[in-house]
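Sharing a structure here in structure tokens format.
All of the numbers you see were taken from the coordinates with simple rules; none came from a lab. Small disclaimer: the values here were computed from a predicted structure and weren't measured. Here the Cβ positions follow ideal geometry from the backbone for every residue, glycine too, while neighbour counts run over all protein chains shown.
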Protein chains: 2
Amino acid sequence: MVEGETAEDHSGSSVLGVDVGGTWVRVGLVSQEGKVSESRRYIMDSHSQKSTLDSIETALAHFINFWKGPKPLALGVGLVGHTRPSAGLWVLAMNLPIQSSVPIRRLLREKTGLPVAIDNDVHAATLAELRWGMGKGLQNFVYLNIGTGLAAGMVCDGKLLRGAANYAGELGHMVVDPGGILCSCGQHGCLEPLCSGAGILAQVRSGLREYPNSSLFRAARGGTLTASQVFQAAEAGDLLAGRITGRAVQALSTALTNLVNLVNPSAIFYGGGVVGDGWLMGKVSEFVFANCLVAARHALKGIWASRFDPEQVGLVGAACLAWDYLERRRESTKMGDKN
Amino acid sequence: MVEGETAEDHSGSSVLGVDVGGTWVRVGLVSQEGKVSESRRYIMDSHSQKSTLDSIETALAHFINFWKGPKPLALGVGLVGHTRPSAGLWVLAMNLPIQSSVPIRRLLREKTGLPVAIDNDVHAATLAELRWGMGKGLQNFVYLNIGTGLAAGMVCDGKLLRGAANYAGELGHMVVDPGGILCSCGQHGCLEPLCSGAGILAQVRSGLREYPNSSLFRAARGGTLTASQVFQAAEAGDLLAGRITGRAVQALSTALTNLVNLVNPSAIFYGGGVVGDGWLMGKVSEFVFANCLVAARHALKGIWASRFDPEQVGLVGAACLAWDYLERRRESTKMGDKN
């Protein structure tokens, strides 16, 4: 690696992004224009907090060892669950076994020698949408991510809405049917178990007892079933798939209409495995435009698929955190020069 | 009236606030500290758009005629429904018959000779909570108003969340029970018909057919019934009151838990006639703290009654718009001086 580069010279340089997911750790180099030049994915061993952290460190070490180009300027890390970016802490996660607060920024700075910025993964993807994506130049939009889990990033007045503890955006736990399925959070009728990837697959598995002749049987038992296959089966008349997708469409339609009435965005962008084929959001968009309040509808210009590659959006989001950090540092250096 | 005062000299001076409600138009003088020194209320004749606007103009003319002190510095107007403050337009209202866009700022400037600032009434009350109330110094809070209608103002990162068309905050149209009552907005199961003042009274009226022996009968038919009486009747074992309040508690509990999970506030303040006796919010607060996500609960320090007098909060909010306007004008003059 080339030593002695200064952080002020960004031209032609890259940052490192790390997207920490439930199945994979993705590591890659991302330019200041948001282009991924190199990336690799590594297995996440999530059986314990220690194995989760080891998986991240091993992935990073392997990637850095393999990379022979110029040293990255900084490292950005997108994490599921609750983070405290200013303190560098990964506080808690539900979809990975993080039960006690981890000083992840310090750990990774010590391992890599790079400045490190961390944040929640959906916040990170939303910031990438704002910096490089379809949200560029917009003041008020929502980024909706539906993969294994479900969450939203809200940009209001040009800034990511973080809330009091950097925890804003938990749309997955909006209750849309108080008599509905029990969620892992303890409430009944949350959106996430009804229409996240994990929620849809769990519903198929439990529904096979009642619908043993469902066309989903083989793929579900073989562990290869995707949300997209469930949507296709529903279109083909499969009863179990029809029941599950009907509930998912209704739940997401209600939740997004609520969200539009509440935060009055001019656009919604969506990404993630469950919405990759456009089926679910096609139905939901129609409902939202037909049912939200008039003034909110007039302001909402569209509900569109994000242009980021679903496989890379997490990585690009993580890298965006690093670019944001470098920008803030440059600005505070300038301010220091002036004072 | 004293002529020739400059807008730069605010010491000891007041602005005029106008709170435009469905029943009353309140007009009053409010100091830079948020104190109401003089106020009067006038009947709102809301049978048409013209009579609504006439009521506002007549109220203002009467108050100005009656007031013999120094000329107010500016006029702030809080309006129900959709407004465009920067264009000075009252675009639409559901609880007053405003069906076509009214250039209310220009109309009232011509009538009074004062600079005029307008906004939605709940936005205005939220800004007053931020400037003078319990939200002073807080970065992330929600102001919940439940009177005849229901809406919320959200302050995020120290600023009122306005959305793309200044329409954010329509919590009253959050669907919390897709199989619920039909709302005037066209959806089923919105919060507003379940727990706003108008919604609760409408439920009593329609429920009396099924519960003719309800203790609410006399007050409901006499037109004197309040939400507080319905809560008391429920506590005393009245079946109709119990059914209505049970639904109201459940609906508001679900909606506020959803809101807390979504925007992660550090406090919720509430005001308005329906929550004035503390009964409803006592039950709802308990539910929210027991059911919201752990990180959101840790960040939420409390759910408290606003300290503003419920009779005056609309007026104080309206006046806050005028003070905000004067401050912005002073700052832009300063900027102009520098450039």
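With a cut-off of at least 2 residues that are of a type in the set (A, V, I, L, M, F, W, C) and either touching a residue at least 24 places away in the same chain (Cβ under 8 Å) or more than 8 Å from chain A (Cβ to nearest Cβ) (or both), name the strands (runs of 3 or more DSSP E) lying wholly within segment B:78-190.
Filter on segment B:78-190 gives B:89-92, B:116-120, B:141-146, B:150-156.
Residues are listed down the side, and each one gets a yes or a no for (1) without any contact (Cβ under 8 Å) to a residue 60 or more places away in the chain; (2) under 24 Å from A:GLY149 (Cα atoms); (3) among the aliphatic types (A, V, I, L, M); (4) not in a helix (DSSP H, G or I):
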position	(1), (2), (3), (4)
A:VAL15	no, no, yes, yes
A:VAL18	no, yes, yes, yes
A:VAL25	yes, yes, yes, yes
A:GLY28	no, yes, no, yes
A:GLU33	no, no, no, yes
A:TYR42	yes, yes, no, yes
A:HIS47	yes, yes, no, yes
A:THR52	yes, yes, no, no
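Right, here's the next one. Check every one of the helices (runs of 4 or more DSSP H) wholly within segment A:203-320 and list those with 2 or more residues that are under 30 Å from B:CYS190 (Cα atoms) and small (Gly, Ala, Ser).
In segment A:203-320, A:227-235, A:239-263, A:279-291, A:294-299 are the helices (runs of 4 or more DSSP H) which contain 2 or more residues that are under 30 Å from B:CYS190 (Cα atoms) and small (Gly, Ala, Ser).
Do the conditions hold for A:LEU194, that is, is it touching a residue at least 40 places away in the same chain (Cβ under 8 Å), in contact with a Lys or Arg (Cβ under 6 Å, 6 or more places away or on another chain) and buried (at least 22 other Cβ atoms within 10 Å of the Cβ)?
Judged against the criteria, A:LEU194 is a match.
Here is a further query. If we scan segment A:291-305, do we find a residue that is crowded, with 24+ Cβ neighbours inside 10 Å, farther than 25 Å from B:LEU160 by Cα, of a type outside the set (Phe, Trp, Tyr) and under 20 Å from the mean Cα position of the chain (by Cα)?
Checked segment A:291-305: no residue is crowded, with 24+ Cβ neighbours inside 10 Å, farther than 25 Å from B:LEU160 by Cα, of a type outside the set (Phe, Trp, Tyr) and under 20 Å from the mean Cα position of the chain (by Cα).
Restricting to segment B:280-315, name every residue that is in contact with an Asp or Glu (Cβ under 8 Å, 6 or more places away or on another chain) and farther than 23 Å from A:GLU170 by Cα.
B:SER306, B:PHE308, B:GLY314, B:LEU315
Moving on. Could you say which residue among B:PHE287, B:PHE308 is aromatic (Phe, Trp, Tyr), surrounded by fewer than 24 Cβ atoms within 10 Å (Cβ to Cβ) and over 30 Å from A:MET94 (Cβ atoms)?
From the options B:PHE287, B:PHE308, the qualifying one is B:PHE308.
Being out of contact with any strand residue (DSSP E or B) (no Cβ under 8 Å at 6 or more places or on another chain) and either among the aromatic types (Phe, Trp, Tyr) or surrounded by fewer than 17 Cβ atoms within 10 Å (Cβ to Cβ) (or both): is that true of A:LYS71 here?
For A:LYS71, the condition - out of contact with any strand residue (DSSP E or B) (no Cβ under 8 Å at 6 or more places or on another chain) and either among the aromatic types (Phe, Trp, Tyr) or surrounded by fewer than 17 Cβ atoms within 10 Å (Cβ to Cβ) (or both) - is not met.
Considering only segment B:241-278, how many residues are more than 20 Å from the chain's Cα centre (by Cα), away from chain A (no Cβ under 14 Å) and buried (at least 24 other Cβ atoms within 10 Å of the Cβ)?
Matching residues across segment B:241-278 total 3.
Of the numbered conditions (1) farther than 26 Å from B:GLU33 by Cα; (2) of a type in the set (Val, Ile, Thr); (3) buried (at least 22 other Cβ atoms within 10 Å of the Cβ), B:ILE181 fails exactly one; give the number of that condition.
Unmet for B:ILE181, out of (1) farther than 26 Å from B:GLU33 by Cα; (2) of a type in the set (Val, Ile, Thr); (3) buried (at least 22 other Cβ atoms within 10 Å of the Cβ): (3).
Which of the residues that make up segment B:199-213 are surrounded by fewer than 20 Cβ atoms within 10 Å (Cβ to Cβ) and either of a type outside the set (A, V, I, L, M, F, W, C) or more than 25 Å from the chain's Cα centre (by Cα) (or both)?
Of everything in segment B:199-213, those that are surrounded by fewer than 20 Cβ atoms within 10 Å (Cβ to Cβ) and either of a type outside the set (A, V, I, L, M, F, W, C) or more than 25 Å from the chain's Cα centre (by Cα) (or both) turn out to be B:ARG205, B:SER206, B:GLY207, B:LEU208, B:ARG209, B:GLU210, B:TYR211, B:PRO212, B:ASN213.
Find the residue count for segment A:214-228, including only residues that are buried (at least 18 other Cβ atoms within 10 Å of the Cβ) and without any contact (Cβ under 8 Å) to a residue 24 or more places away in the chain.
Number satisfying all stated conditions: 1.
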